[in-house]
Amino acid sequence: MDSSKSGEPHLRHVELDVLIPKMMREKAKVRCSEVVEAFSACCKETGILMVVKCRKQNSALKECLTKHYQDPDFFEECKQEYIREKEEFERTGIPSKQRKQKLPTSM
């Protein structure tokens, strides 16, 4: 993919294949929070038998996550967010996690 034609900055292999998919996984877990919670609750309730008793919840979780992982629009959305965060870091030198932290109110 030649990003220079589209006016986007060049993204390294690790960004396209590791960092952006990591962002996708984190966002997909939020978007699938209901099924994540249902699967977690089932596992807590059933203990060691979770492999057998939580199949339905596990299938629903896999289906929801896979839907997001395979969505090209979702990939593009995450890629654009990654590019914005990267550009902001290059401009300020402050990682996005530190920028998002709340400042103490009593100084």
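Evaluate the following for V51: is it among the β-branched types (V, I, T) and exposed (fewer than 12 other Cβ atoms within 10 Å of the Cβ)? For V51, the condition - among the β-branched types (V, I, T) and exposed (fewer than 12 other Cβ atoms within 10 Å of the Cβ) - is met.
For the range 61-82, filtered to residues that are surrounded by 13 or more Cβ atoms within 10 Å (Cβ to Cβ) and of a type in the set (D, E, K, R), the residue that is nearest to L19 (Cα to Cα) is K79.
Of all residues in the range 16-56, how many are closer than 17 Å to Q70 by Cβ and hydrophobic (A, V, I, L, M, F, W, C)?
7
Among the residues making up the range 61-75, those that are assigned to a helix (DSSP H, G or I) and either among the acidic types (D, E) or at positive phi (or both) are E63, D73.
I'd like to check something: does the range 79-99 contain any residue that is at pLDDT 95 or above and not in a helix (DSSP H, G or I)? Within the range 79-99 (the criterion being at pLDDT 95 or above and not in a helix (DSSP H, G or I)), the answer is no, since none of the residues qualifies.
Listed here are the residues, each with its yes/no results for (1) over 13 Å from the mean Cα position of the chain (by Cα); (2) assigned to a helix (DSSP H, G or I); (3) on the phi > 0 side of the Ramachandran plot; (4) surrounded by 12 or more Cβ atoms within 10 Å (Cβ to Cβ).
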residue	(1), (2), (3), (4)
I20	no, yes, no, yes
K27	no, yes, no, yes
V30	no, yes, no, no
V35	yes, yes, no, yes
F39	yes, yes, no, yes
C43	yes, yes, no, yes
S59	yes, yes, no, yes
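Only residues in the range 46-69 that are within 16 Å of R31 (Cβ to Cβ) count as the first member; pair them with residues that are assigned to a helix (DSSP H, G or I) and among the aromatic types (F, W, Y), Cβ under 6 angstrom, at least 6 apart or cross-chain, and list the lot. From residues that are within 16 Å of R31 (Cβ to Cβ), the pairs are L61/F39; H68/F74.
The values are calculated or read from the model by the stated rules, or taken from the named source; none is laboratory data. Bear in mind that the values here come from a model prediction, so they are computed numbers and not experimental data. All Cβ positions, even for glycine, are placed from backbone atoms using ideal geometry, and neighbour counts span all protein chains on display.
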